[in-house]
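Novice: Once you've had a glance at the structure underneath, I'll fire off some questions.
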Amino acid sequence: MAVTEAPPEPAQKGFLASSRLAGFILYGAGAKPGEPRIPFYRHTIFVRIAHWLNAGILLVMLMSGLQIFNAHPALYWGPQSNFTHPLLSLFAMQNNAGQVVSGVTQIGPWHFDTTGVLGASRLDGFMVARGFPAWATLPGPQWLAMGRVWHFFFAWLFVINGVLFAIYAFARGHIRDLAPNAHDLRNLPHEIVEHLKLQFPKGDAAKRYNALQKLAYFTVIFVLGPLVVLTGLTMSPTMDAAFPFLPWLFDGRQSARTIHFICAFSFVGFFVVHILMVVLSGTWNNLRSMITGRYEIERDGGAHA
Amino acid sequence: MPDRRNLLRGAAAAAGALTLSACKPVSQTQWVQNVLYTAEGLTRRAQRLFVGRHALAREYSKADIAPVFRANGTINPPTDDYQQHVKEGFAYWEVKVDGLVEHPLTLTLADLRKLPSRTQITRHDCVEGWSCIGEWTGVPLRTVLAMAKPKTNARYCVFHCADPMSDTDNDGVADDDFYYESLDLLEATHPQTLLAYDLNGKPLPVPYGAPVRLRAERQLGYKMAKYVERLELLESFAHIGGGKGGYWEDQGYNWYAGI
Ligand code: HEM
């Protein structure tokens, strides 16, 4: 490829194009300001709507779930609760006057002081015993009945949205964009290194999901999604009566609850990495592609075109 | 298709409302609540569609019985009346069956114990999230209902209990808001639905609802009324208590407690 300095295009992008920060916000780490870019239609309207619905629904599910969790902030393994040996518990310590003084997170044999966040946190100015703090739960104050009502309404939306997406993905071949193939898996080590160097695919390669993206999206959509639904249903005594394989599959209702909890935080973990990657690979370019569908890719210099 | 339309409307509205303001006021908004509560009917119908009328809850083995079964809610009704029954060993406890029945009944504890019994080791799931396994013995409710012969317009069985739920002025004298619950006849006539009088082979201790409590194994714990004194068959529970079919339902919990 010819190594000619491409002149910046001040007429086109003005001040923004020459600012490094703007370049980062538009196209992410390593983006060259002023580089000519090719627009590309990335996400169909269906995918965009499903994506944003899902984002909102998941937020409600998580926060109402944490409200539910707070009614008995402890997790167990097996069919029932072994109250003296929870796998995890969030509890408060009180002084002699009965005031809550600290919050403790117990995981297996370990205890951590998590005052202010887990076990004990402030509500209307007072330190109170509660698993997750008010800012993380829906509703904010302790209100199990309403937390359940939110959770079970949005559970329907979550499932309907998910099923429609799955049908779409299979019917329109979108599943091929998402499912990792053998080539992707072979490429995985190389891609991990590239990602760590913040080198993102360019040109035609940027039109497709790379192996890491596929693996992440596929796992979240087709493994984590069904798992959170199935473990959620396993906590229903009526479902267990009709489908005994459910509690069998998860080794009991309390284990299902624990796995459900782990799933919820796996979504949170995915979210954190997802946002990080969006920012690093160009906040605005990504955001726009999920709003209008338009994504701009850098030319690969034609080297492997 | 009101359910689906409400679902969509609710989703849009709730998502908007959520981003606009703090969550507590949203949860207290009447129309938001109205929309969100529609999911209960959907869940009930969906579960009833997929779950056989008489699909049985799993029964466990003796080895699975919890060493300590958690007692929750009322653990010792404070009324003089009840305490008198405790002193008398519940010898004069009676369970009445009335309302929309051909043959109103009054059964003593001894009468109940004479009826054919069922023993089952089942998992109790509390709405709070925990579970305990215990062995329950009692009379299948459907046996009692068969004796009373519900009239054709009876749809619900309401359970009236001896435990008052509050003492607003804190004077040690309880208010008269006694616990109550209700099941529809489908759940009430399920083979594992019992008027239970024994826990783990011994007469039901006071914290667990002595001398008679309900077991409805496909439902959450709050459905399983303790200290049961009266069964009332009704076409609708709108005129009982707060009108929502149970003490906790009146506080906002779903009447359908299959999940
Ligand atoms: C169809 C989908 C779902 C169903 C049927 C469902 C059902 C349930 C049920 C029955 C509980 C109560 C557990 C208890 O008694 O303590 C619960 C709790 C909870 N849910 Fe869900 N859920 C679903 C989806 C989700 C999603 C998508 C998330 C998070 C992103 C989530 C997060 C939680 C959390 C954090 C709890 C607290 C207790 C626990 O961890 O198990 N749920 N869910």
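Novice: Looking at A:186, A:130, A:176, A:148, can you tell me which residue is facing chain B (nearest Cβ under 8 Å) and more than 21 Å from the chain's Cα centre (by Cα)? Steps first, answer last, please.
Specialist: Working: A:186 fails: facing chain B (nearest Cβ under 8 Å); A:130 fails: facing chain B (nearest Cβ under 8 Å); A:176 fails: facing chain B (nearest Cβ under 8 Å).
Result: A:148 is the single residue among A:186, A:130, A:176, A:148 that is facing chain B (nearest Cβ under 8 Å) and more than 21 Å from the chain's Cα centre (by Cα).
Novice: Residues in the range B:213-225: is at least one more than 19 Å from residue B:131 (Cβ to Cβ), open to solvent by 10 Å² or more (accessible area, probe 1.4 Å) and either of a type in the set (S, T, N, Q) or not assigned by TED's automatic domain parsing to the domain that holds residue B:45 (or both)?
Specialist: No, the range B:213-225 contains no residue that is more than 19 Å from residue B:131 (Cβ to Cβ), open to solvent by 10 Å² or more (accessible area, probe 1.4 Å) and either of a type in the set (S, T, N, Q) or not assigned by TED's automatic domain parsing to the domain that holds residue B:45 (or both).
Novice: Scan the range A:144-152 and tell me whether some residue there is under 22 Å from residue B:248 (Cβ atoms), open to solvent by 20 Å² or more (accessible area, probe 1.4 Å) and among the aromatic types (Phe, Trp, Tyr).
Specialist: yes
Novice: Counting only residues that are of a type in the set (A, V, I, L, M) and in contact (Cβ under 8 Å) with a residue 40 or more places away in the chain, which one in the range B:134-155 is surrounded by the fewest Cβ atoms within 10 Å (Cβ to Cβ)? If you could, list the steps in order and put the result at the bottom.
Specialist: Going through the range B:134-155, the residues of a type in the set (A, V, I, L, M) turn out to be B:139, B:141, B:144-148, B:154.
When the remaining residues are screened for being in contact (Cβ under 8 Å) with a residue 40 or more places away in the chain, the result is B:139, B:141, B:144-145, B:147-148, B:154.
Values: B:139: 23, B:141: 27, B:144: 22, B:145: 21, B:147: 15, B:148: 22, B:154: 21.
Restricting to residues being of a type in the set (A, V, I, L, M) and in contact (Cβ under 8 Å) with a residue 40 or more places away in the chain, the top hit is B:147.
Novice: Another question, if that's okay. Among the numbered criteria (1) in contact with a strand residue (DSSP E or B) (Cβ under 8 Å, 6 or more places away or on another chain); (2) away from the ligand (no atom under 14 Å from the Cβ); (3) open to solvent by 20 Å² or more (accessible area, probe 1.4 Å), which one does residue A:120 miss?
Specialist: Single failed check for residue A:120: (3).
Novice: Something else now. Could you list, in sequence order, the residues of the range B:178-218 that are farther than 18 Å from residue B:245 by Cα, of a type in the set (A, V, I, L, M, F, W, C) and without any contact (Cβ under 8 Å) to a residue 40 or more places away in the chain?
Specialist: B:204, the sole residue that qualifies.
Novice: Moving on. Taking the conditions exactly as written (small (Gly, Ala, Ser), within 14 Å of chain A (Cβ to nearest Cβ), within 16 Å of the ligand (Cβ to nearest atom) and within 14 Å of the chain's Cα centre (by Cα)), does residue B:221 satisfy them or not?
Specialist: Criteria met by residue B:221.
Novice: So, of the residues in the range B:226-246 that are buried (at least 23 other Cβ atoms within 10 Å of the Cβ) and not in a loop (DSSP other than H, G, I, E, B), which turns out to be farthest from the ligand (Cβ to nearest atom)?
Specialist: Among them, the one singled out is B:233.
Novice: Exactly one of these conditions fails for residue A:85: (1) within 12 Å of chain B (Cβ to nearest Cβ); (2) within 27 Å of the chain's Cα centre (by Cα). Give me its number.
Specialist: With respect to (1) within 12 Å of chain B (Cβ to nearest Cβ); (2) within 27 Å of the chain's Cα centre (by Cα), residue A:85 is out only on (2).
Novice: While we're looking at this one, here's another question. What are the residues in the range A:155-188 that are among the polar types (S, T, N, Q), open to solvent by 30 Å² or more (accessible area, probe 1.4 Å) and assigned to a helix (DSSP H, G or I), if any? Reasoning before the result, please.
Specialist: Taking the range A:155-188 as the starting set, the residues that turn out to be among the polar types (S, T, N, Q) are A:161, A:181, A:187.
Those left that are additionally open to solvent by 30 Å² or more (accessible area, probe 1.4 Å): A:181, A:187.
Within the range A:155-188, A:187 is the sole residue that qualifies.
Novice: On to the next question. For the range A:194-305, please list each of the helices (runs of 4 or more DSSP H) lying entirely inside it that holds at least 1 residues being within 16 Å of the ligand (Cβ to nearest atom).
Specialist: A:211-219, A:225-234, A:237-242, A:245-249, A:253-280
Novice: Taking residue B:127 and the conditions (1) under 19 Å from the mean Cα position of the chain (by Cα); (2) of a type outside the set (D, E, K, R); (3) more than 16 Å from the ligand (Cβ to nearest atom), which numbered condition does it fall short on, given that it satisfies the others?
Specialist: Single failed check for residue B:127: (3).
Novice: On to the next question. For the range B:57-83, which residues satisfy the criterion of being in contact (Cβ under 8 Å) with a residue 40 or more places away in the chain, over 30 Å from residue A:245 (Cα atoms) and open to solvent by less than 80 Å² (accessible area, probe 1.4 Å)?
Specialist: B:73, B:74, B:77, B:78, B:79, B:82, listed by residue number.
Novice: Under 27 Å from residue B:58 (Cβ atoms), at pLDDT 95 or above and in contact with a Phe, Trp or Tyr (Cβ under 7 Å, 6 or more places away or on another chain): which single residue out of A:238, A:234 fits that description? Spell out how you get there, then give the answer.
Specialist: Values: A:238 fails: in contact with a Phe, Trp or Tyr (Cβ under 7 Å, 6 or more places away or on another chain).
Going through A:238, A:234 in turn, the sole match is A:234.
Novice: Filter the range A:35-60 down to the residues that are within 12 Å of another protein chain (Cβ to nearest Cβ) and of a type outside the set (Val, Ile, Thr), then identify the one that is nearest to the ligand (Cβ to nearest atom).
Specialist: My answer is A:58.
Novice: Can you tell me which of B:97, B:86 is away from every other protein chain (no Cβ under 14 Å), open to solvent by less than 40 Å² (accessible area, probe 1.4 Å) and either over 30 Å from residue A:75 (Cα atoms) or in a helix (DSSP H, G or I) (or both)? Full working, then the answer.
Specialist: Values: B:86 fails: open to solvent by less than 40 Å² (accessible area, probe 1.4 Å).
The conditions single out B:97.
Novice: Further question on the same structure: Given the options B:71, B:55, B:146, B:66, name the one that is of a type outside the set (Phe, Trp, Tyr) and over 26 Å from residue A:79 (Cα atoms).
Specialist: B:146
Novice: Filter the range A:31-61 for residues that are part of a helix (DSSP H, G or I) and under 12 Å from residue A:292 (Cβ atoms) and give the result. Break it down into steps so the answer makes sense when it comes.
Specialist: Here is the first cut: in the range A:31-61, the ones part of a helix (DSSP H, G or I) are A:45-61.
Correct list: A:45, A:48.
Novice: Hey, does the range B:156-174 have a residue that's open to solvent by less than 40 Å² (accessible area, probe 1.4 Å), modelled with pLDDT of 95 or more and within 16 Å of the ligand (Cβ to nearest atom)?
Specialist: no
Novice: Does the range B:100-134 hold any residues that are hydrophobic (A, V, I, L, M, F, W, C) and within 14 Å of chain A (Cβ to nearest Cβ), and which are they?
Specialist: The answer is B:121, B:126, B:127, B:130, B:132, B:133.
The values are calculated or read from the model by the stated rules, or taken from the named source; none is laboratory data. What you see is a predicted model, and the numbers here were worked out from it, not measured in a lab. Don't worry about glycine lacking a Cβ; one is built from the backbone with ideal geometry, like all the others, and counts go over all protein chains shown. Protein only, heavy atoms only, side chains kept; ligands, DNA and RNA dropped before computing areas. Shrake-Rupley method; radii C 1.70, N 1.55, O 1.52, S 1.80 Å.
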